[in-house]
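The values are calculated or read from the model by the stated rules, or taken from the named source; none is laboratory data. Since this is a predicted model, take the numbers as computed values, not measurements. Ideal geometry is used to build each Cβ from the backbone, glycine not excepted, and the neighbour counts take in all protein chains shown.
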Amino acid sequence: MRLTFLGTGSAWSLPEIGCDCFICRHMHKNKESRLRTSLYLEAKEKLLIDCGPDIVRQWWTNGLKSLDGVIITHEHGDHYLGLDELVALRRSTVSHAWRPIPTYATAASWDTIELRFGYLLEKTLERRLAVPGEPLVGLRTRVVPFKTYHGPMAKGAVGYVFEDGGKRLVYTSDLLHLEEQQDLLRRPDVLVIQSHWLNEPEFNRPSLLSLQRALPMIRAWEPREKVFLVHISDADQVPGDPANNYLKKIPPAEPLKDPQTGIPYNVPTCQEEWQEVAERAFKDNGITSTVQVAYDGLTVDI
Ligand SMILES: [Zn+2]
Ligand SMILES: [Zn+2]
């Protein structure tokens, strides 16, 4: 399988508009950006995993040519609002050759997506159902959704396990926790997991994973080769930042610390610092798999 990270940011592209926090300022200085998290997986089919509002830019920047299916994790705007843009693919195909794009989501996610984009189902998208625990029907790549808990506004949220060429990739997407342990997630070759904050905040209102909250899950699932972190935001408070009083900046409950000195890890403000702190957190927590903080445009063979 070949996996391309089309975007690695949170619900709003980074740097965020109207934001003058240390993180966004440092990203401007480094010319870094993170579009909405979305993946492009080349296996037996070419699959777009989530289709947020940045899809046109992501398509051109990554030189995409075609797709055989779309897989949606849940009904939040950053994961499906770009579906309308796929009409362009139909417009540029000769009429008899066009087939609507098979598009998978759970029944609860479709309830929301259809309200907004029901008109796409006639010609552009073919509505297909993702049922947790059952392989998606109609694909030669084995793709199995698993139920996740991502708060009351995302009742249809799922992650997906992809299997092809003897390798297994788990993508959790947005979640707070899993309601039940799932054997399907144990010992994947590659895990792509959310890391919205470094530190678990005092109150986790958007129901998302911090790296701190993700660490015990990663340890329990024992990824064999590599872990990629995605869906990174600017919502951690950085000590000394005058913007720490912004609504999105939530103080940490009990920040991750160096186990020897008891000094909290530095909060990362750019790709290089994220990579440093992620490696340190894995080492200090006894996780032996390699961690890579994903960045937009990163392509890896699995
Ligand atoms: Zn999201
Ligand atoms: Zn979400």
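Can you name every residue in the stretch 158-196 that is within 11 Å of ligand 2 (Cβ to nearest atom) and aliphatic (A, V, I, L, M)? If the condition is that a residue be within 11 Å of ligand 2 (Cβ to nearest atom) and aliphatic (A, V, I, L, M), then Leu175, Leu176 are the ones that fit. Filtering Ser13, Ser95 for residues that are at pLDDT below 95 and buried (at least 19 other Cβ atoms within 10 Å of the Cβ) leaves a single hit, Ser13.
Pick from the stretch 44-65 the residues that are in a loop (DSSP other than H, G, I, E, B) and away from ligand 2 (no atom under 16 Å from the Cβ): which of them is nearest to Asp296 (Cα to Cα)? That would be Asn62.
Contact map, the stretch 96-111: first residue among the small types (Gly, Ala, Ser), second residue surrounded by fewer than 22 Cβ atoms within 10 Å (Cβ to Cβ), Cβ cut-off under 6 Å, separation 6 or more or different chains; pairs are Ala108/Lys155.
Is it the case that Thr112 is crowded, with 21+ Cβ neighbours inside 10 Å and within 16 Å of ligand 1 (Cβ to nearest atom)?
Answer is no for this residue.
Kindly indicate the residue of the stretch 127-157 that is more than 16 Å from ligand 2 (Cβ to nearest atom) and on the phi > 0 side of the Ramachandran plot and also modelled with the highest pLDDT among those meeting that condition. Checked the stretch 127-157; the qualifying residue modelled with the highest pLDDT is Gly138.
Among residues belonging to the stretch 205-253 that are part of a helix (DSSP H, G or I) and hydrophobic (A, V, I, L, M, F, W, C), point out the one that is surrounded by the most Cβ atoms within 10 Å (Cβ to Cβ). Going through the qualifying residues, I end up with Leu211. The set of residues in the stretch 66-92 being surrounded by fewer than 21 Cβ atoms within 10 Å (Cβ to Cβ) and either among the hydrophobic types (A, V, I, L, M, F, W, C) or away from ligand 2 (no atom under 16 Å from the Cβ) (or both) consists of Ser66, Leu67, Asp68, Leu81, Asp84, Glu85, Val87, Ala88, Leu89, Arg90, Arg91, Ser92. Among the residues making up the stretch 157-191, those that are closer than 24 Å to Trp274 by Cβ, crowded, with 22+ Cβ neighbours inside 10 Å and within 13 Å of ligand 1 (Cβ to nearest atom) are Gly159, Tyr171, Thr172, Ser173, Asp174, Leu175. Scanning the stretch 254-302 for residues that are under 30 Å from Glu42 (Cβ atoms), more than 20 Å from the chain's Cα centre (by Cα) and surrounded by 13 or more Cβ atoms within 10 Å (Cβ to Cβ) returns a single hit, Ile287. What do you reckon, is Arg224 in contact with a Lys or Arg (Cβ under 7 Å, 6 or more places away or on another chain) and either farther than 24 Å from Asp296 by Cβ or at pLDDT below 95 (or both)? Yes: the conditions hold for Arg224. Scanning the stretch 176-197 for residues that are part of a loop (DSSP other than H, G, I, E, B), modelled with pLDDT of 95 or more and not charged (D, E, K, R) turns up Pro188, Ser195, His196.
Taken over the stretch 124-173, the residue count meeting the criterion of being in contact with a Phe, Trp or Tyr (Cβ under 8 Å, 6 or more places away or on another chain) and over 17 Å from Ile49 (Cα atoms) is 1.
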